[in-house]
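K.L.:
Structure incoming, see below.
The values are calculated or read from the model by the stated rules, or taken from the named source; none is laboratory data. Note that this is a predicted model, so its numbers are computed, not measured. Methodologically, a virtual Cβ is constructed for each residue, glycine included, from the backbone with ideal geometry; neighbour enumeration extends over all protein chains shown.
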Amino acid sequence: MIPQERIVKNILVLRNEKVMLDIHLAQLYEVETRTLKQAVRRSKARFPADFMFMLTAEETARIVREGFIQGKKALGGARPFAFTEMGVYMLAAVLKSEKAVKMNVEIIRTFVTLRKLASDYELLWQAIRKLEEQYDRKLDELYQALKALLKPAEEVIPRRRVGYRSRREQDEE
């Protein structure tokens, strides 16, 4: 089976969605990209806009620039399809080979793992923010106390000395 790292490398964010491109899915399923696209087009009703969308020319140029695909030649002149997590689930119903079904299980596990990691990171960030707020207040109090202790001598209110004083000291007062 394909390791999760290879699947994760093929997940990118487009239109605020985690997606996989048809070219990468075809490689994972060991089918031609055009075969995958044909199967999807035959079952268009199964792939609404929140399951799959075609990339714009700008998005295609961006993924080429960022190295997600080798170049526009790799696309064969067609714009790629991007499949959301739900679209990948639906591919299992369209591509019925044993390889496709097994690969879908791995891809779904990877998406679930990523979702758990994102949730864990969010909890971690919330805890860090809470600690920052708590310690920022305490550090501010400490800073104010140190600032008061380090005031120059002229800012300190003069006090009368306590204890035995010589006559000269008494005369100076």
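K.L.:
Do we find a residue being under 19 Å from residue 11 (Cα atoms), modelled with pLDDT of 90 or more and either among the basic types (Lys, Arg) or surrounded by fewer than 17 Cβ atoms within 10 Å (Cβ to Cβ) (or both) anywhere in the stretch 65-80?
P.N.:
no
K.L.:
Please give the number of the condition residue 97 fails out of (1) under 28 Å from the mean Cα position of the chain (by Cα); (2) surrounded by fewer than 20 Cβ atoms within 10 Å (Cβ to Cβ).
P.N.:
(1) is the only condition that residue 97 fails.
K.L.:
Which of the residues belonging to the stretch 27-84 are part of a helix (DSSP H, G or I) and of a type in the set (Gly, Ala, Ser)?
P.N.:
39, 45, 57, 61, 74
K.L.:
For residue 137, indicate whether it is at pLDDT 80 or above and basic (Lys, Arg).
P.N.:
In short, no.
K.L.:
Test each condition in (1) farther than 22 Å from residue 110 by Cβ; (2) buried (at least 16 other Cβ atoms within 10 Å of the Cβ); (3) hydrophobic (A, V, I, L, M, F, W, C) for residue 11 and report the one that comes out false.
P.N.:
(1)
K.L.:
Would you please list the contacts, defined by Cβ atoms under 7 Å and residues six or more apart or on different chains, that run from a residue in the stretch 6-29 that is over 17 Å from residue 112 (Cβ atoms) to a residue that is of a type in the set (Lys, Arg)?
P.N.:
Every condition considered, the pairs that remain are 22/37; 29/99.
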